[in-house]
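As C-alpha cells, the structure follows; a few thoughts come after it.
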Amino acid sequence: MRVIGVMVLVAGVVASCASASGPQRSQLHLRVFASGLDSPVYVTAPRSEPGKLYVVEQPGLIRVLVNGRLRAKPFLDIRSMVKSGGEQGLLSMAFHPQYKRNHRFFVYFNDRSGDVRVYEFRSNGTVGVRRTAKPLLRVPHREFDNHDGGQLQFGPDGRLYAGTGDGGSGGDPHNHAQNLGSHLGKLLRLNVNRSGAKWQIAGYGLRNPWRYSWDPATRDLYIGDVGQDSWEEVDVRTPAQQAFLNNYGWRVWEGRSRYTSGQRTNPRGRLVFPIVVYSHHLGCSITGGYVYRGRSVPAARGRYFYGDYCSGRIWSLRAVHGKLQNDRLEPFRVSSLSSWGEDASGELYAVSLEGRIYKLSP
C-alpha cells in the first residue's frame, strides 16, 4: 500500500454491466456492505464463523461485523502498541486454521519504534485477550517509514506466512530484498504448531508485497508486489514452483524491466517474472487480492481479483497451471483500495481506506 498526500479520487462504485476490456463481458458489481470504519486495511474471518467479518483498522483496532452490522465492542484494541500513519499501523491478522478449537490468532503491525512485529494472541471465543500477547517476529524498520509489507496468511502447508517490504525509501538503498541475511523484502514462514520453530525464507526479491493469497482449489500462490517508478506486478507460483526458493527480482528488476543496471540477482533459488504487469499510466500501487471460490457469484469463480490503490481500477485474471489465460478490467472502481478479504464462505470483499467495505455480487 502507498498512502500519498494527494489521492486520485474515483467513484466508490460504478454500476455493473458496463462493458469491460478483456475477452468477455463482466456481469459483476460491488455493493456497499459496511461504512463508517476508521482506516480499514484488511478483512477476514475464521471458517468456523459464518456471518462474521473481522475488520482490521490501521490505528490498532479489530472490529467485528455481524451480518453486516458493526458490533460495539472491538475484538482487539492494541492502539497503545501501534505506530500508525502513512504506510504503518496494524496491517493484517490471520486466524489459526484450528481457531474454533484453540482460539489462536495472529497480528502484523508496526510497534511504537516503527519495527515490524508479528504477535500471537488468544481469544475467549468472543474477544481477543490482550494479556495472552506473545511476540513471534521483530524486524528492525526505523530508518524509513514506508515499505512495511503487512500481510499474514496461513498457507496450504499449515505454516503462517508474513510478507515484509524492503525497508523503505526508494530503490532499496541497502539491497535488503536480494540479501538473504535480511528479513526485509521477503516472504517468511513459521510453523506455529512447533515449539522453538524458526522463521524461514520462502521467497525474496520483493519490494512491498501488498497482499498475497493462495487459491484454495489449486494451491497456487498469488502476490501483488508494489512497484517503484513504472510497473506494478502480479506473481503466480504453482505448488511445484513453491517447493523451490523463489527470487522475485527486486531491486534488479521492476516488473519485466531492468531497474538497477550493473547488478545481478542473487543466484540462490529461481528467478521469477510476473504473470501480469501494468504501468503507472493506469495506477501507482497494486493491491493484491484473491481467487474467488465462493458460491454467490458463479461468473467470478476461478478469477483472481486485484486493483490499484491510487486509481481505484480493478482487474481480474484467470490462470491455469501458472499461465495467464486472460486478464480484464472490471467495470467498477473503489477509491483508496487498501485491501481485499474473504469471509467464512469464501465470498470476496474490497476495502476502502476511506471507511467502506464492498462485497462482490452478481
Along the Cα-to-C-beta direction of A299, a point sits 7 Å from the Cα; which residues of the range 317-331 have their amide N less than 18 Å from that point?
317-318, 326-331
What does the helix-only formula give at 222 nm for the chain: each DSSP H stretch with n ≥ 4 adding -39500 (n - 2.57), the total divided by the residues, and the result rounded to the nearest 500 deg cm²/dmol?
-500 deg cm²/dmol
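Relative contact order of the range 240-343, please, whole-number percent, based on alpha carbon pairs below 8 angstrom and at least 6 residues apart.
Relative CO of the range 240-343 lands at 19 percent.
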Tell me which label goes with the value of semi-axes √(5λ) of the Cα gyration tensor in Å computed from the coordinates here: (1) 26, 26, 20; (2) 40, 38, 18; (3) 33, 24, 18.
(1)
Dipole magnitude of the chain about its Cα centre (Cβ charges: Lys, Arg +1; Asp, Glu -1), debye to nearest 20:
1160 debye
The relative contact order of the chain, taking Cα pairs under 8 Å that sit 6 or more residues apart, comes to a percentage of 19 percent
For 54-63, 129-138, 242-251, ranked highest to lowest by mean beta-carbon neighbours within 10 Å, the order is 54-63, 242-251, 129-138
Given a 1.4 Å probe, the accessible area of the range 246-352 per residue, as a whole number of Å², is 36 Å²
Between the modelled labels at A344 and S361 (7 Å from Cα along Cα→Cβ) the distance in nm is 2.2 nm
From the residues Y349, H103, P362, which one has its Cα farthest along the dipole of the chain in the positive direction, the dipole being from +1 and -1 charges on Cβ of Lys/Arg and Asp/Glu about the Cα centre?
H103
Filter on K134/K198; K52/K83; K83/K134; K134/K186; K83/K198 - keep pairs with C-alpha separation over 24 Å
K52/K83; K83/K198
With a cut-off of 8 Å between alpha carbons and a minimum separation of six or more residues, what is the relative contact order of the range 154-206 in percent?
35 percent
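The values are calculated or read from the model by the stated rules, or taken from the named source; none is laboratory data. Given the structure is predicted, the values throughout are model-derived calculations rather than measurements. Every residue, glycine among them, receives a Cβ derived from its backbone with ideal geometry; neighbour counts consider all protein chains shown. Just so you know, the surface numbers come from the protein's heavy atoms only, side chains and all, with ligands and any DNA or RNA stripped out. Shrake-Rupley method; radii C 1.70, N 1.55, O 1.52, S 1.80 Å.
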